[in-house]
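This report concerns only the one structure given below.
We did not get these values from a lab; they are worked out from the coordinates using the rules stated. All of these numbers come straight from a predicted model, not from anything done at the bench. Backbone-built Cβ (ideal geometry, glycine too); neighbour counts: all protein chains shown.
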Ligand SMILES: [Zn+2]
């Protein structure tokens, strides 16, 4: 096991590990030993039309009329979509659109609310 890092708040060298947490006995700060780096890089890789990073659970609006493949429906500009899920691929947003159903969208055609 590696040496616990110094406390990020007070730089104490007496921090110790308790399961998945580090605890500083001097200032009482607790922080997770699990590095959130993976999540962070994933979040920043998918951006909306304005370049804002998107994350799971975000609410977005559609910035362009989008034809629904295999039907005559159109997702109109300004359609609000709640609780998106980021996925891999060309269409990188998985979501449910009211009145249409499960859809995949491209992040370049949406805007974070
Ligand atoms: Zn501390």
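Based on DSSP H segments of at least four residues, each scored -39500 (n - 2.57), the chain has a per-residue ellipticity at 222 nm of -2000 deg cm²/dmol. Extending 7 Å from the Cα toward the beta-carbon at both residue 65 and residue 33 defines two label points whose distance is 5.8 nm. Treating r as the C-beta distance of residue 100 and residue 56 and R0 as 22 Å, the FRET efficiency rounds to 0.60. The convex hull built on the alpha-carbon positions of the chain has an orientation-averaged projected area of 9.8 nm².
Put simply, when 102-113, 87-98 are sorted by average Cβ atoms within 10 angstrom per residue, most first, you get 102-113, 87-98. The GNM of the chain, with springs linking C-alpha atoms under 10 angstrom apart, assigns the highest mean-square fluctuation among 21, 66, 86 to 21.
Taking 19, 85, 47 as the candidate residues, the one with maximal mean-square fluctuation in a Gaussian network model of the chain, Cα springs under 10 Å, is 19.
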